[in-house]
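The values are calculated or read from the model by the stated rules, or taken from the named source; none is laboratory data. Just so you know, these numbers come straight off a predicted model, no measurement behind them. For neighbour counting, all protein chains shown are included, and Cβ atoms are generated from backbone atoms with ideal geometry for every residue, glycine included. Just the protein is used for accessible areas: all its heavy atoms, side chains included, with ligands, DNA and RNA removed. Shrake-Rupley method; radii C 1.70, N 1.55, O 1.52, S 1.80 Å.
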Amino acid sequence: MKIGICIPYMKRGIDRKTLLDWCRAIDDGPFDSLSCGERITGYTYEMRNFLAAAAAVTERVRIVPSLYVLPMHNAVWAAKELATLDVISDGRVTVTVGVGGREDDYKAVGASFKNRFQRMDDQIAEMKRIWSGEPPFEGADIVGPEPVQAGGPPILAGSMGPKSIKRVSKWADGLYGFAMDGNADLIKHFFDSATDAWAESGRSTKPYLMGGFWYSLADGADQALQNYVFDYLKIFGEDEARSVAKTMKMHTPEAIVEGIKAIEALGAEEIQLVPATADIKEVERLAKLLS
């Protein structure tokens, strides 16, 4: 099973050195991919700039926008950005798309929160047309650049509900089943739903299955992980966020190893581990643990 790690785009105080240190440590370590998520509101860094920098300073790991909240964006712009990232990385991009769940992020950039599932379906079709060399409208020039990967980067979908998974089974290359606490039963549910949906949609290939969870191996890992989860979820209600934060368990080497093995046993082809802090020890200690 391939193992990826997310750069800490949600933590204050990240500077050029922090970003470069993380990217190089991931590329030098026992990791297969480097990911970054997308948020607008809250103190977060912009995903595209982070990943372009990562693509330029790494040589080996795949670059994974995870996830790209597609309905907040114009499909042609997204196709151009991702094709450019594919060129910068020399064909190392796998993009994970989704609709997100933060209406404030949509509102902040002037995007509609309504009909976002249908919009994403339509956007994927348009992006694939752009990547195939079709112009955006009759009489227009094509939109470059041409992706290094023929037809564009592989597309995974960050979907959870049965209806959503059924929709994406018609166009996605795979599913990203993320469980905040690393609950293997929940990830199994996502994976089983995807396998069934792909078959029902008449797909000739099985879905690529990627799991993921939050973790910390920094000093004071237990509290650091709780703080991270609370900060991430507090927009949905502080009491609920605090309650969920207290259930997090991926803050010891033993729990993390057990969680990775449990997800691997489900047939996962890749897992994304999302650290709770920007401390480089998160990478170093995880690399040592995996070795």
Can you give the calculated 222 nm mean residue ellipticity of the chain, where each DSSP H run of n ≥ 4 adds -39,500 (n - 2.57) and the sum is split over every residue, rounded to the nearest 500 deg cm²/dmol? -13500 deg cm²/dmol
Projected-area average for segment 75-128 over all orientations - Cα convex hull basis, square nanometres: 4.1 nm²
Taking N as the number of residues in segment 88-241, what is its Cα Rg relative to 2.2 N^0.38 Å? 1.23
Helix 221-233 versus the longest principal axis of the chain: what is the Cα-based angle in degrees, 0 to 90, to the nearest 10? 40 degrees
If you wrap segment 98-139's Cα atoms in a convex hull and average its projection over all directions, what's the area in nm²? 3.8 nm²
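Which FRET efficiency value, to the nearest 0.05, is calculated for Lys206 and Val109 with the Förster distance at 30 angstrom and r the Cβ-Cβ distance?
Values: r = 35 Å, r/R0 = 1.18.
Efficiency, from the Cβ-Cβ distance: 0.25.
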Accessible surface, per residue, of the chain when the full set of protein chains is kept, probe 1.4 Å, Å²: 46 Å²
Scalar couplings 3J(HN,Hα) for segment 70-80 by Karplus 6.51 cos²θ - 1.76 cosθ + 1.60 (θ = phi - 60°), nearest whole Hz, x for Gly and Pro, are 4, x, 7, 10, 7, 5, 5, 4, 4, 4, 5
Where the accessible area of the chain is counted over protein heavy atoms with a 1.4 Å probe, how much of it, in %, is carbon and sulfur? 51 percent
Using alpha-carbon coordinates, inclination of helix 47-57 to the longest axis of the chain, degrees: 80 degrees
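Say R0 is 30 Å: what FRET efficiency, to the nearest 0.05, do Asp222 and Ile280 get from their beta-carbon distance? Can you show the working numbers first?
Values: r = 19 Å, r/R0 = 0.64.
Plugging the Cβ-Cβ distance into 1/(1 + (r/R0)^6) gives 0.95.
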For Met160, what accessible area in Å² do you get when you roll a 1.4 Å probe over the heavy atoms of the protein chains, rounding to the nearest 10? 120 Å²
Report the label-to-label distance for Phe117 and Val87 in nanometres (one decimal), using points 7 Å from each Cα along the Cα→Cβ vector. 3.6 nm
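Which length gain, in nm to one decimal place, applies between Arg242 and Asp185 when the Cα-Cα distance is subtracted from 0.36 nm times their residue separation?
18.3 nm
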Could you list, bin by bin from short to long, the percent of Cα-Cα pairs of segment 185-257 in 5 Å steps? 3, 15, 17, 15, 15, 12, 10, 9, 4, 1
For the chain, what are Rg and Dmax over the alpha carbons, in angstrom? 18.4, 60
Could you check the simple spin-label distance between Arg48 and Asp231, using points 7 Å along Cα→Cβ, in nm with one decimal? 2.5 nm
Debye calculation, C-alpha points only, no solvent: report log10 I(q)/I(0) for segment 163-286 at q = 0.16, 0.17 Å⁻¹, in the same order as the q values. -0.80, -0.87
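Which FRET efficiency value, to the nearest 0.05, is calculated for Ala150 and Ser291 with the Förster distance at 41 angstrom and r the Cβ-Cβ distance? Provide the component values of the computation, followed by the final result.
Numbers: r = 35 Å, r/R0 = 0.85.
Calculated value: 0.75.
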